[in-house]
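Taken together, the values in this text are just the output of simple stated rules run on the coordinates, not laboratory data. Since the structure is predicted, the reported quantities are computational estimates derived from the model, not experimental observations. As a convention, Cβ positions derive from the backbone with ideal geometry for all residues, glycine included, and neighbour counts pool all protein chains shown.
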Amino acid sequence: MMDVASSSVLALIAGFGIAYGVSWLVTRHARARAREDAVSIIELSKREADVVGKEARSKLHLELEEKRSEISREAKRMEMEIDVKLAEIRSHEESLAALDHELRLREKNIETELDEIKESKLSLLETSANVRRTMANLASMDIEELKRELREQVKFECNDELLRMRKDIVDRSEIDINREANRSLLAAMQRIASKPSSEISASIVQLPNDDMKGRIIGREGRNIKCFETATGTTLLIDESPQMVLISSFDPVRREIAKSALENLVQDGRIHPATIETFVSEARADVDQIVEKAGDTAVNQLKISRLHPEVITLLGKLKFRTSYSQNVLEHSVEVGMLCSIIASELGLDPNIAKRAGLLHDIGKAIDGEYEGSHASVGADFVKARGEDDVVVNAVAAHHEEVAPATLYAGVVILADTISAVRPGARAESITAYIDRLKTLETLAKSFPGVSSAYAIQAGREVRVVVDPKSITDEKAYALSRDMRERIEDELDYPSTIRITVIREQRYVETAK
C-alpha cells in the first residue's frame, strides 16, 4: 500500500516536473518570440522614422530652394531697378553738364559781345572826333584844294592795300592752279583701273596624249613644216608631257596658230590638206575676234563715225603688248583718261577720248610703213578722214612732233599716267633674274662672304660670312657697307633688307 502511495507521489512529482519544464520551455519560446517581434517592430519604426525624416528633409529642401529662388528673383529685380535709377541719374547728370556747358558758352559769348560793343563805342567816339576835325579843316579849304587833298589821301591809303591784294591774287592763283591740276590728275587716275597683263611671246596647246606629238610632226616632218609655213609661226615640241609650244613675235599669227592646232588636235585628222583648211578657218575666226574687239572698244568709249579700217586696226591691238601691257586695253584706258582730263579742263571730251583711243594705232600697222608708230598712225588716221586735231595728238604723243593744241598735251599726259601707274606694266622675267643675279654678285664681292642669296623677289639678301675672318663687329660694319654700295650702284623698287649671318658649327660623330 505504501509502495503504491509512494509511486503515486513520485508520479505526481514527475508530472509536476514535466509540466513545469514544458511550461518553462513554452514561456522561454514565447519570450524569444516576443523579443524578436519587439526587435522587428523597432526596426520597422526606425525605417518609418527614416522615411518620414527624408520626406521632411526633402520638403524642407524644396521649400528652401523656392525661398532662395524667390529671394534671387527679388534681388535681380531690385538690381534692375537700381540700374534703371542709376541710368536716369547719369542721364540727368549729363543733361545738367550740357546745360552748364551751354550756360558757360552763353556767358562767354555775352562777354565777347560786350567787349565788341565797348570797342565799337570807342571806335565811334574816335571816328566822331575825326569827323569833327575833318569838317573843321574842310571849312577853311576851297573846292579844288579839297579835291586834290582827297585824291592824295585815297591814293596813299589804297596803294599798300592794292599791292597786297595783287600779291594775294597772284599767289592764290598759282596755288589754285596747282591744286586744280593735282585734283584733276588724281580724279582721272582714281576713276581708271585696269588689270595688269603679263608679257607673253609663246602660247601653249595641251595635247590629249604624247602620241599626238608624232602625228603633229608627221612623216619626215611634213605636217609640222606645212603648219609653220601656213601660220608663220614656230612649233616647239620637246619632252614636256602633253603640250606643244607655239612661238611667234606676232601675237595675231600666234593666236591663229593656236586656234588651228587646237581644232586639228580635236579633229584628229592631221595632214597638209586639213592643216591648210583649219588654218584658213582659224584666220577667219581671229578676224571676227579682231572686228569684235575693235567694235567693243569703240562702243565702250561711245565714239562714232570711225572708218571701218580704223576699227579693224584697233581690234588687232588686242593681241599686242607693250612692256607687258595690252595695247588695246591701254588705248581704251588712255581714251577714258583723256575724256576725264579734258572735262576737268573745259575741253571737248569727245575729241580728247577719240585722240586717246587712236594714239597707239600705228603699233598694229604692218612693217611696210616707214617711221615710228606715232607718225605712221597719224598718217593712217589722216588718210581715213580724221580731224587735224586728232592727227596732231596721235603724231605728238611721244613728242616727236610739236603739240599744236591742248588735246595733244592731254594725250601725252594720259599716256604717261596709264603707262607708269602701279601694276600697269610688269617687269620682264629676264630683267627680274638679272636684277637678282646682280644683287647676289654684289654681295659676294665683299671679302669674308662665303655665300649670298637673294630672296623674297629681291627684297632681301641673306649673306653668310666666314666666322673665322669676320667678327661680330665686322659683320655689323659689313651690313652697313653693303647697304651703302647697293644704294649707290643698283636701281631697285621699294627697299632691300640685308641680313648678315655669322655662325659656327661643331659636329662630332660618336661610333
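Assorted remarks:
- Sequentially through region 58-72, phi angles give Karplus couplings (6.51, -1.76, 1.60; θ = phi - 60°) of 4, 5, 5, 5, 4, 4, 5, 4, 4, 4, 5, 4, 5, 5, 5 Hz, Gly and Pro residues having no value and appearing as x.
- Sequence-distant aspartates and glutamates (8 or more away, or on other chains) whose Cα lies within less than 19 Å of Lys59: Glu48, Asp50, Glu70
- Listed by chain and number, the lysines placed with their C-alpha closer than 16 angstrom to that of Lys85 are Lys76; residues fewer than eight positions away on the same chain are left out.
- Packing, as the average of other Cβ atoms within 10 Å across residues, places the peptides 230-241, 396-407 in the order 396-407, 230-241, highest first.
- Where labels lie 7 Å past Cα in the beta-carbon direction, separation of Glu102 and Arg57 in nm: 6.7 nm
- Between region 26-68 and region 447-472, the Cα center-to-center distance that results, in Å: 93 Å
- Under 26 Å of direct C-alpha separation, and excluding same-chain neighbours fewer than eight residues apart, Lys363 reaches these lysines: Lys195, Lys258, Lys292, Lys302, Lys316, Lys318, Lys353, Lys382.
- Karplus-based coupling profile of region 239-244, in residue order and whole Hz: 7, 4, x, 6, 7, 10, with θ = phi - 60° in 6.51 cos²θ - 1.76 cosθ + 1.60 and x standing for Gly or Pro.
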